[in-house]
Number of protein chains: 2
Amino acid sequence: MSAPTIYDVAREAGVAASTVSRAFNNPNRVRDSTRDHILSVAGKLGYQHNPHARALLSGRTHAIGMVVSDITNPHYFELIRGAEQRVKASKYTLVLVNAGESPRIEYDHIRRLAQSVDGFVLAASRLPDENILEFAGMRPLVLMNRELPGLPSVIVDYAEGCRRIVDHLASFGHQSVVYLAGPRNSWTAQQRWRSIRQACEKIGIEAERIGYFIPTVPSGVAAADAALHTDTTAVIAHNDLLAIGVLRRLAERGVSVPADMSVVGFDNIFAADLCTPALTTLGGAHAEVGGAAVELLLDRTRVIGAPSDAEPHLILPSWLHVRASTGPASRGNQSH
Amino acid sequence: MSAPTIYDVAREAGVAASTVSRAFNNPNRVRDSTRDHILSVAGKLGYQHNPHARALLSGRTHAIGMVVSDITNPHYFELIRGAEQRVKASKYTLVLVNAGESPRIEYDHIRRLAQSVDGFVLAASRLPDENILEFAGMRPLVLMNRELPGLPSVIVDYAEGCRRIVDHLASFGHQSVVYLAGPRNSWTAQQRWRSIRQACEKIGIEAERIGYFIPTVPSGVAAADAALHTDTTAVIAHNDLLAIGVLRRLAERGVSVPADMSVVGFDNIFAADLCTPALTTLGGAHAEVGGAAVELLLDRTRVIGAPSDAEPHLILPSWLHVRASTGPASRGNQSH
DNA sequence: CAACTGTTGGCAACTTGTTGCCGTCGTGTT
DNA sequence: AACACGACGGCAACAAGTTGCCAACAGTTG
């Protein structure tokens, strides 16, 4: 009726339960012939490890958790795909949890999951540093698109990317840019704003940040309206979803893109190439970020407790996809 | 050092471990004052249940698994969102696993997860009936957008939806439609083709099915090319991703939509409204499907073993979003 | 042939939490 | 005052594995 245990296998194979256990975990502690016999009996009975019993003693669950701040954001697709690809090659299972842009939900989920997985990768976590460090003390943990001293992380090179965006806009004669910021507690939002400002300073154009926006299409309404209150000719939206929302709103309000306003996004999601006008956006090696993060995590679950002195910080390349939403700056667009 | 156990709590509180256990699980088996004392000691020590130890004995894990056939398909967003919403109101955790359109991966994942969750919801499973029944014997299980006699399921009303699509196309004067089918092992693909054919028969227009396509944008190339080999004036793609791929390919080949060819999709994903021309597509109460499936599952994890005689089959409504990709049939488009 | 070494497999203790069963204690009833 | 009963808490067995330690055995060496 219920699932067979090692005891069933042991009885059937005429050995002790401990021998069955060793046949699986410690193959060279049992003779090859015995081991083959046990494995064949186990196969015949359809034996499967009970993950709970195993985890109870060993503390290892052969699962790793991937926490994404919003699973409905297509940006994470490539991250997830890359992570899965890498996990598939190991004996681990990837469990996904969605924080839905809520730090509280993210916190609760991780806390609950902490005892059920061997480690975490956090994608663009919205949690404050203290919380992340708290979890890092419980399980190995790797950050994606977020940095925190002492913890391993893999990020896309947004600093360089922001420079490219600003250079691109400057080359079109724009004298100012507005950054439509992502969530307040998003590390990438901080990072992008800093990089944009620095790049602007360097070449002598104005930079302004507006708001904190939830990076979704509907937020584009508020973001676009706020941008129109300034007299900028170029906006950089925190991500493509927000940028697409901005494009829509601008169209509604009769502002033509890129003639009156240039718009840039981040992530190069699939829809960026579909909207009208097609969106200029910063892409990156997202799948590689996912894969590398899992790679680092698996290293850390094997050898435990290397003190977090010189944890690796991988920075993977980004590149600008220039499409139709950016163009030459208009002169004297004071009237909105 | 390591996490406190009930034994630590018991020692600290001056009671037996069993009393601590009962204080949590069976509150009226211990006196209120004792219970309060235990809970306060537990709080002070930061005690947390070890889910593995608990699961080992009770078999309950307070987690439910949601398996989606391809997490990068935006169609599942609403399903996931609805499911999460409903789960949040319970004490359960939702773990997502992605099958990536591979039945083998789906099978392995479910098999591995089977012992770690209290039940499953399968979204548009690609597994053969036998496998699903096998898993249904192990854990409570609810199907989304798939039907299987004896198992509870929640589906969108694609039958009615297909009728609406066909009526819509017929009202534009189309004399034939081609269905660009989804994966061979997709129940919805079968169901849609059957419904389309019946609807066409009823009103006397031609229906043809082409291929089995992986429902992604890149597959649209092959699908569009195949459609152009016929002399139809209207295609119904298995989902919006495929439809968008078809739109792209048609544009590449200079076929104008909807003048030369009408295109319809399924799911009403967010990009359907962005592409050019905007896509006519069948939407549905997807979030409600997710919520209802979880609801049914939670019912089944509480009361176990009601024999699967009259399991509920919920059918939630669908509706057609008419956009720019459908229009009057062209006359005599024999030349491709 | 005895002593030594290495391989192999079994026993039993251990992981944490749950639960059936039993003893004790206090209160109420007759 | 004796008895009965219910409430409460403890003991110990149990879930399904893992692992330290020991014993048995085979093979090698002196």
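Nothing in this text is a laboratory measurement; each read-out follows from the coordinates by a stated rule. In this text the structure is predicted, and so the values were computed from the model without any measurement. Cβ sites come from the backbone with ideal geometry, for glycine too, and all protein chains shown count toward neighbours.
Miscellaneous remarks
- Checklist (1) part of a helix (DSSP H, G or I); (2) within 14 Å of another protein chain (Cβ to nearest Cβ) applied to residue A:139, failing item: (1)
- In a residue-by-residue description of the range B:5-12, the property of being part of a helix (DSSP H, G or I), at negative phi, within 14 Å of chain A (Cβ to nearest Cβ) and within 11 Å of DNA strand C (Cβ to nearest atom) applies to at least one position.
- Residue list for the range A:107-125, restricted to those being under 18 Å from residue A:187 (Cα atoms) and surrounded by fewer than 24 Cβ atoms within 10 Å (Cβ to Cβ): A:107
- Matching option when the condition is among the charged types (D, E, K, R) and within 10 Å of DNA strand D (Cβ to nearest atom), among B:60, B:31, B:11: B:31
- Flag: residue B:290 does not match the condition of being among the small types (Gly, Ala, Ser), within 19 Å of residue B:168 (Cα to Cα) and touching a strand residue (DSSP E or B) at 6+ places or on another chain (Cβ under 8 Å).
- Residues within the range A:13-60 that are within 12 Å of chain B (Cβ to nearest Cβ) and either near DNA strand C (Cβ under 9 Å from one of its atoms) or under 27 Å from residue B:49 (Cβ atoms) (or both), tallied: 13
- Filter result (in a helix (DSSP H, G or I) and in contact with a strand residue (DSSP E or B) (Cβ under 7 Å, 6 or more places away or on another chain)) within the range A:201-252: A:223, A:226, A:227, A:240, A:242, A:243, A:246, A:247
- Candidates B:263, B:257 - the one that is out of contact with any His (no Cβ under 9 Å at 6 or more places or on another chain) and assigned to a strand (DSSP E or B): B:263
- When residues of the range B:94-143 are limited to those that are among the acidic types (Asp, Glu) and over 17 Å from the mean Cα position of the chain (by Cα), the one farthest from residue A:54 (Cα to Cα): B:130
- Taking the range A:61-95 as the range and being facing chain B (nearest Cβ under 7 Å) and not in a loop (DSSP other than H, G, I, E, B) as the test, the residues that pass are A:77, A:80, A:81, A:84, A:93, A:95.
- Selection count where residues are assigned to a helix (DSSP H, G or I), surrounded by fewer than 16 Cβ atoms within 10 Å (Cβ to Cβ) and touching a Lys or Arg at 6+ places or on another chain (Cβ under 9 Å), scope the range A:29-55: 1
- Test: residue B:82 is within 19 Å of residue B:290 (Cβ to Cβ), out of contact with any strand residue (DSSP E or B) (no Cβ under 6 Å at 6 or more places or on another chain), away from DNA strand D (no atom under 11 Å from the Cβ) and not hydroxyl-bearing (Ser, Thr, Tyr): yes
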